[in-house]
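First comes the structure, then the notes that go with it.
The values are calculated or read from the model by the stated rules, or taken from the named source; none is laboratory data. Keep in mind the model is a prediction, meaning the values are calculated, not measured. Cβ coordinates were reconstructed from backbone atoms using ideal geometry, including for glycine residues, and neighbour counts include every protein chain displayed. Please note that ligands, DNA and RNA were not included when accessible areas were found on the heavy atoms of the full protein model with its side chains. Shrake-Rupley method; radii C 1.70, N 1.55, O 1.52, S 1.80 Å.
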Amino acid sequence: MRLLKWLCCLSLALGLLLGASVAVSAWSIIHRAGTAPVVSASGKYKIESVSAAGIFTLFEKGYVRLTDIAHPGHVYRSPIVFDGSIDFSHLDETDDGLIFMGPFFFDTRKKRFVTDDPAVKQVWMSFFTSNVPCDLWSQARP
């Protein structure tokens, strides 16, 4: 009986430690400084690449963060992707509120990211970091 009680306490302590580690890791990824900031063509959004590398994300991963310049508290974070796929060299914005950037576009009217890569939605840390929906292009035509 004592062994069972000890094992229960140990399991609970390990679970709490793991949960706290995930929370700290997610918090640090969300609040990390971005790199290569650019401003959208309309001048309404600051767009930056943010590294998501850490203990729970093996390999070089990152996400796109858009900040509404007029309302700096309005921040939109994409799901986590491989850092190499984030490309602002072909950044484009349409008159109807779509901002294109590899591997996403951001719909400024519906406040969502859209991608054509189903693997984007499979990174489990995105659950903690991404704060807006991300739909597949084939299922969410604007």
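Pairs of Lys residues in the chain, spaced 8 or more positions apart or belonging to different chains, with C-alpha separations under 17 angstrom: 5 in total. Heavy atoms of the protein chains alone define the surface here; on that basis the chain has 60 Å² accessible area per residue at 1.4 Å probe size.
Looking at the square roots a ≥ b ≥ c of the eigenvalues of the Cα gyration tensor of region 65-142, which shape do they give, rounded for a/c under 1.5, prolate if a/b is larger than b/c, or oblate?
Since a/c stays below 1.5, the shape of region 65-142 is classed as rounded.
Placing dummy labels 7 Å off each Cα toward the beta-carbon, the span from SER11 to ASP68 is 4.6 nm. Relative to the current alpha-carbon distance between HIS90 and SER21, full extension at 0.36 nm per residue lengthens the span by 21.2 nm.
After finding the eigenvalues of the alpha carbon gyration tensor for the chain, what semi-axes result from the square roots of 5 times each, listed largest first in whole Å?
35, 15, 13
What FRET efficiency comes out for HIS31 versus GLN122 if R0 is 25 angstrom and r is the Cβ-Cβ distance? Round to the nearest 0.05. It comes to 0.55.
Considering Cα pairs under 8 angstrom that are at least six residues apart, work out the relative contact order of the chain and quote it in whole percent. Walk me through the numbers before you get to the answer.
Values: 231 pairs, mean separation 23.3, N = 142.
Relative contact order for the chain comes out at 16 percent.
Of the accessible area of the chain, computed with a 1.4 Å probe over protein heavy atoms only, carbon and sulfur atoms account for 65 percent.
Ranked by the mean number of other Cβ atoms within 10 Å of their residues, highest first, the peptides 3-13, 64-74 fall in the order 64-74, 3-13.
Surface listing: PHE100, PHE113, PHE82 arranged by accessible area from highest to lowest gives PHE82, PHE100, PHE113, probe 1.4 Å. Taking each DSSP H run with n ≥ 4 as -39500 (n - 2.57) and averaging over every residue of the chain yields -7500 deg cm²/dmol at 222 nm.
Between ALA41 and PHE82, the C-beta separation translates, for a Förster distance of 22 Å, into a calculated FRET efficiency of about 0.30. For LYS111, no residue whose modelled amide H falls within less than 5 Å of its own remains once neighbours fewer than 5 places apart on the same chain are excluded.
Report Rg(Cα)/(2.2 N^0.38 Å) for region 15-68, keeping two decimals.
Details: Rg = 13.8 Å, N = 54, 2.2 N^0.38 = 10.0 Å.
The value comes to 1.38.
In degrees from 0 to 90, rounded to the nearest 10, what is the angle of the helix 2-30 Cα long axis to the longest principal axis of the chain? Taking Cα atoms only, the helix is inclined about 20 degrees. For region 65-81, the Karplus equation 6.51 cos²θ - 1.76 cosθ + 1.60, evaluated at θ = phi - 60°, returns couplings of 10, 10, 10, 5, 5, 6, 10, x, x, 8, 10, 10, 10, 7, x, 6, 9 Hz by residue, with Gly and Pro reported as x. On a C-alpha basis, how far is the centre of region 79-142 from the centre of region 22-74 in Å? Whole number, if you could? First find each Cα centre; the distance between them is then 13 Å.
Sorting the segments 27-34, 127-134 by their mean number of nearby beta carbons within 10 angstrom, highest to lowest, gives 127-134, 27-34.
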